[in-house]
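Peer 1: Provided herewith is a single structure, encoded as structure tokens, for subsequent inquiry.
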Amino acid sequence: MSSVYLARQPIVCIKETLEAYEILYVDANKKSDISKNRYASASVINSVLNTFGTKNFLGTHKAFIKVDERFLMSDLIKTIPSDLFTLCLFDDIELTEKVRERIEQLHQLDFSLAINDTELSKENIVKYKKIMDKLSYFKINIYANMGLEDKDLIVAIQDYNVKVIATKIEDEHQYQTAKDLECDLYQGYWFAKPQILENEKFNSTQFDILKLYNMLLQDTSIDEITSEFEKNHALSLKLLQFINSAHFSFSTHISSIHHILTLVGRKPLSQWLMLMIYSKSVSSVADVSPLMLMVKNRTELMQNLLRVLKPNVKSNALGEAYLVGVLSLVGSVFKARLEDILENIHISELSKDALLYDKGTLGMLYKVVRDIEEFNINEIVAFSKRFKVAEEAIQEIILKSIEEVNLFESNLKAIKQ
């Protein structure tokens, strides 16, 4: 059990809001390339999730898990909650009469079924024709040479009321290709990467928020912070809305922005500003995007890994780790290079070196956080050995971060309702 690593990869809709997760898993002794571990037993996933708890690992979202023929035909598969999991059949499963009968049984039991990452071709559509009406999803690999001429194949699948998921999206061109083909859902490491457009101007409102966020983390006086808030009337209004919508209960009437800042405290306000930075609006549930969840996950991993490396770490160091996690993704929000953004805000050289060059302790932590996101098991194991951190401890940190992200998402939705 201790040698198995788990990860979640988002599956998003055209608006890039989270629809589901795919569970990735691999033995720590194997390579991190998932395609080389695709015959790993789904029963391991079942037992691991039973240990962790599906709510802790998945939150409110459904999960896709890969299953091979052996597990498909076993009685264990019926122990998986059909309302929580979509079973992804490997594309090399031979559709014998017995396999088709099992697929029919699972369909009758309300299981959601999918074909896992396969080639988009007439031959494959013919191959799966006999079970197409039992499928909910059809996952296709997106390649650079695909074009609009392939759209008829997508429509042929969708005509069965099957949603097409474009997978292995790793760059903007592949993502645009999948959108042009009008796939229903999208998956790939591209959604964990900042989408940078060179030479665009910073959004002034977002930059003001980032400036205030940094002031709250520094030893800036409340008077100075109040002054900055009062220069931005729209942000001050949103602050008042935040106070009214969140679970604050003050015994005295709010008399000023200065009063709010004093009563609420720096940490809650800085976390609220983080939401403002990564949210297009504070009024829509749809704004709970993978990017917002990703930055929350990064801050949790950064701080918890630092606590393991340095058990007696001081709060200011934890705050700096938190800041690195937050700033690591602002390039995708500001649509500018991170280097340019950092030139316009006051942060320590340690944080800057960590973000730009993976230097120092914070830089090493930032590097392993990205490895965790990309499921680079070899790098995670190397980090574990280098710093003499038990693999079980790293897995516990990963799980704890996932739980915190789920709680964060739940609370955020509650505030926006």
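The values are calculated or read from the model by the stated rules, or taken from the named source; none is laboratory data. Values in this document were obtained by computation on a predicted structure and should not be read as measured data. Cβ: placed from backbone, ideal geometry, glycine included. Neighbour counts: every protein chain shown.
Peer 1: Being in the same structural domain as K400 (by TED's automatic domain parsing) and either under 30 Å from E172 (Cβ atoms) or touching a helix residue (DSSP H, G or I) at 6+ places or on another chain (Cβ under 8 Å) (or both) narrows it down to one of N316, N344, so name that one.
Peer 2: Testing whether each residue is in the same structural domain as K400 (by TED's automatic domain parsing) and either under 30 Å from E172 (Cβ atoms) or touching a helix residue (DSSP H, G or I) at 6+ places or on another chain (Cβ under 8 Å) (or both) leaves just N344.
Peer 1: Which condition from (1) modelled with pLDDT of 70 or more; (2) not in a helix (DSSP H, G or I) is the one that G319 breaks?
Peer 2: (2)
Peer 1: Looking at E391, E404, which one is surrounded by 15 or more Cβ atoms within 10 Å (Cβ to Cβ) and over 21 Å from V324 (Cβ atoms)?
Peer 2: Of E391, E404, the one residue that is surrounded by 15 or more Cβ atoms within 10 Å (Cβ to Cβ) and over 21 Å from V324 (Cβ atoms) is E391.
Peer 1: Here is a check on your reading of the model: is E182 modelled with pLDDT under 90, not β-branched (V, I, T) and not assigned by TED's automatic domain parsing to the domain that holds V295?
Peer 2: no
One line per residue, one yes/no per condition, for (1) in contact (Cβ under 8 Å) with a residue 24 or more places away in the chain; (2) closer than 17 Å to I157 by Cβ:
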residue: P81; (1), (2): yes, no
residue: C88; (1), (2): yes, yes
residue: Q105; (1), (2): no, no
residue: L109; (1), (2): yes, no
residue: N116; (1), (2): yes, yes
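Peer 1: Could you look through the range 132-186, keep only residues that are of a type in the set (G, A, S) and assigned to a helix (DSSP H, G or I), and pick out the one that is surrounded by the most Cβ atoms within 10 Å (Cβ to Cβ)?
Peer 2: Ranking the qualifying residues of the range 132-186, first place goes to A178.
Peer 1: Mind listing whichever residues of the range 88-131 are part of a loop (DSSP other than H, G, I, E, B) and among the hydrophobic types (A, V, I, L, M, F, W, C)?
Peer 2: Answer for the range 88-131, where residues must be part of a loop (DSSP other than H, G, I, E, B) and among the hydrophobic types (A, V, I, L, M, F, W, C): F90, I93, L95, L109, F111, L120.
Peer 1: If I filter the range 378-386 for residues that are under 12 Å from the mean Cα position of the chain (by Cα) and in the same structural domain as E300 (by TED's automatic domain parsing), do I get at least one hit?
Peer 2: no
Peer 1: Only one of these is within 14 Å of the chain's Cα centre (by Cα), on the phi < 0 side of the Ramachandran plot, buried (at least 19 other Cβ atoms within 10 Å of the Cβ) and assigned to a helix (DSSP H, G or I): R370, R298. Name it.
Peer 2: Only one candidate qualifies: R298.
Peer 1: So, in the range 90-106, exactly how many residues are at pLDDT 95 or above and under 29 Å from G53 (Cβ atoms)?
Peer 2: Of the residues in that region, 4 qualify.
Peer 1: While we're here: Among the residues of the range 340-351, is any among the charged types (D, E, K, R) and more than 23 Å from T220 (Cα to Cα)?
Peer 2: So far as the range 340-351 goes, yes, one or more of its residues are among the charged types (D, E, K, R) and more than 23 Å from T220 (Cα to Cα).
Peer 1: For the range 305-323, enumerate the residues that are under 17 Å from E404 (Cβ atoms) and crowded, with 21+ Cβ neighbours inside 10 Å.
Peer 2: L305, A321, Y322, listed by residue number.
Peer 1: Here's another thing I want to ask about it. Hey, V369 hits all of (1) in contact with a helix residue (DSSP H, G or I) (Cβ under 6 Å, 6 or more places away or on another chain); (2) more than 28 Å from D208 (Cα to Cα) but one; which does it fall short on?
Peer 2: Unmet for V369, out of (1) in contact with a helix residue (DSSP H, G or I) (Cβ under 6 Å, 6 or more places away or on another chain); (2) more than 28 Å from D208 (Cα to Cα): (2).
Peer 1: Within the bounds of the range 74-85, is there any residue that is of a type in the set (G, A, S), modelled with pLDDT under 90 and surrounded by fewer than 20 Cβ atoms within 10 Å (Cβ to Cβ)?
Peer 2: Among the residues of the range 74-85, at least one is of a type in the set (G, A, S), modelled with pLDDT under 90 and surrounded by fewer than 20 Cβ atoms within 10 Å (Cβ to Cβ), which makes the answer yes.
Peer 1: Considering (1) outside any helix (DSSP H, G or I); (2) surrounded by fewer than 17 Cβ atoms within 10 Å (Cβ to Cβ), say which one L350 fails and leave the rest.
Peer 2: Going through the list (1) outside any helix (DSSP H, G or I); (2) surrounded by fewer than 17 Cβ atoms within 10 Å (Cβ to Cβ), L350 breaks only (1).
Peer 1: Counting only residues that are farther than 25 Å from G319 by Cβ and among the β-branched types (V, I, T), which one in the range 225-269 is modelled with the lowest pLDDT?
Peer 2: T252
Peer 1: Sticking with this structure for a sec: What's the total number of residues in the range 374-390 that are in contact with a Phe, Trp or Tyr (Cβ under 8 Å, 6 or more places away or on another chain) and in a helix (DSSP H, G or I)?
Peer 2: 2
Peer 1: Also: Looking at the range 270-295, which of the residues that are assigned to a loop (DSSP other than H, G, I, E, B) and among the hydrophobic types (A, V, I, L, M, F, W, C) is modelled with the highest pLDDT?
Peer 2: Per the stated criteria, the residue is V288.
Peer 1: On to the next question. What do you reckon, is N56 modelled with pLDDT of 75 or more and either aliphatic (A, V, I, L, M) or not in a strand (DSSP E or B) (or both)?
Peer 2: yes
Peer 1: Could you say whether any residue in the range 142-156 is closer than 17 Å to L89 by Cα and in contact (Cβ under 8 Å) with a residue 24 or more places away in the chain?
Peer 2: Within the range 142-156, not a single residue is closer than 17 Å to L89 by Cα and in contact (Cβ under 8 Å) with a residue 24 or more places away in the chain.
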